[in-house]
Amino acid sequence: MFISLWEFFYGHFFRFWMKWLLRQMTGKCELQRIFDTYVGAQRTHRIENSLTYSKNKVLQKATRAVQSEVDKCVEDIMREKNISPEKDASFKICMKTCLLQITGYKQLYLDVESVRKKPYDSDNLQHEELLLKLWNLLMPTQKLKARISKQWAEIGFQGEDPKTDFRGMGILGLINLVYFSENYTSEAHQILSRSNHPKLGYSYAIVGINLTEMAYSLLKSEALKFHLYNFVPGIPTMEHFHQFYCYLVYEFDKFWFEEEPESIMFFNLYREKFHEKIKGLLLDCNVALTLKI
């Protein structure tokens, strides 16, 4: 109750008068003061909040723009706030960078969601080739005897046909597995080998798909904003999402063996513990989670 009242009074009264007072004292609007004070994700996050909660429709609209509209949005904001490019030469550049990050994050989520919704289709030649590519990357010295085979268990699938394991994350789960195996081949081989540990082993492919779900949920909840705003100076793309997934795979394997779970039956417990650890790291406004080998 108290929090709701504070948010109401702050949004409708206190914030307005505070902004007005600071403008009279500094001669600059809130957006300019943010650019003068903050850098990195803090800057973009505060600009996003300022635009979102502004009563000015032009400023609000800027956060919902697409990439092709960003330049016009910057011009509109400068006109609305009476910001002269001659007096504040850096404003245009800074605002464009922030808007590209803000609108880019939203587009990235849409792109990831679009791929996630595509189910694995065994009649789709590209899907089948991608699956076989995963096998060849992980098992280069062992030939797959048949498309439907118990051999798939050797890289951590549950049944004889891996397509059934992609239901939750669609083709996105497979794309991430292939990306890690292709770009970090030696690490993938190492982790696959460790996943066959007699006591601490786990299903490599199944856990990989599970970590795709984790990366997706963090993106959807906007928990990845600080990370991506710091890590990507411009527009975040699928490549950056794949890179974050690779970070999760590598770090989860380390976490699993450090924790030494009693049994694979406790996977969900330790998975959630790892999830909470990552969410905690992502709360740091200076965070940039990169795979360090």
*Within the stretch 219-233, identify whether any single residue is open to solvent by 20 Å² or more (accessible area, probe 1.4 Å), over 30 Å from Val39 (Cβ atoms) and without any contact (Cβ under 8 Å) to a residue 40 or more places away in the chain, and answer yes or no.*
no
_Taking the condition of being farther than 19 Å from Tyr216 by Cβ and of a type in the set (S, T, N, Q), how many residues in the stretch 260-277 meet it?_
1
*Having 1 or more residues that are of a type in the set (Ser, Thr, Tyr), open to solvent by less than 60 Å² (accessible area, probe 1.4 Å) and without any contact (Cβ under 8 Å) to a residue 24 or more places away in the chain is the bar; report the helices (runs of 4 or more DSSP H) wholly within the stretch 28-77 that clear it.*
40-52
*Evaluate the following for Ala146: is it modelled with pLDDT of 95 or more, assigned by the TED database to the domain that holds Leu219 and part of a helix (DSSP H, G or I)?*
no
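Is it the case that Phe267 is open to solvent by 10 Å² or more (accessible area, probe 1.4 Å) and touching a Pro at 6+ places or on another chain (Cβ under 8 Å)?
yes
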*Determine which member of the set Pro261, Pro236 is farther than 27 Å from Gly170 by Cβ and surrounded by 14 or more Cβ atoms within 10 Å (Cβ to Cβ).*
Pro261
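Quick check on this structure: which one of Leu177, Leu172, Leu200 is in contact with a Leu (Cβ under 8 Å, 6 or more places away or on another chain) and either farther than 14 Å from Arg271 by Cα or open to solvent by less than 30 Å² (accessible area, probe 1.4 Å) (or both)?
Among Leu177, Leu172, Leu200, only Leu177 is in contact with a Leu (Cβ under 8 Å, 6 or more places away or on another chain) and either farther than 14 Å from Arg271 by Cα or open to solvent by less than 30 Å² (accessible area, probe 1.4 Å) (or both).
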*Taking the stretch 78-93 on its own, how many of its residues are more than 29 Å from the chain's Cα centre (by Cα) and outside any helix (DSSP H, G or I)?*
9
_Being surrounded by fewer than 17 Cβ atoms within 10 Å (Cβ to Cβ) and in contact with a His (Cβ under 7 Å, 6 or more places away or on another chain) narrows it down to one residue among Asp121, Asp161; which is it?_
Asp121
*Scan the stretch 78-106 residue by residue and report those that are in contact (Cβ under 8 Å) with a residue 60 or more places away in the chain and open to solvent by 50 Å² or more (accessible area, probe 1.4 Å).*
Thr97
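Would you call Ile102 within 27 Å of the chain's Cα centre (by Cα) and of a type in the set (Val, Ile, Thr)? Show your work before the answer.
On the way: within 27 Å of the chain's Cα centre (by Cα): yes; of a type in the set (Val, Ile, Thr): yes.
Taking the combined requirement at face value, the residue satisfies it.
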*Pair list, Cβ under 8 Å, 6 or more apart: the stretch 257-285 residue closer than 16 Å to Lys225 by Cα, other residue assigned to a loop (DSSP other than H, G, I, E, B) and open to solvent by less than 40 Å² (accessible area, probe 1.4 Å)*: Ile278/Leu289; Lys279/Ala223; Leu281/Val287; Leu281/Leu289; Leu282/Ala223; Leu282/Leu224; Leu282/Leu289
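The values are calculated or read from the model by the stated rules, or taken from the named source; none is laboratory data. Here the structure is a predicted model, which means the values were calculated and not measured. Because the Cβ atoms are built from the backbone with ideal geometry, glycine has one as well, and the counts that use them run over all protein chains shown. In case anyone asks, the SASA skips ligands and DNA or RNA and just uses the protein heavy atoms, side chains included. Shrake-Rupley method; radii C 1.70, N 1.55, O 1.52, S 1.80 Å.
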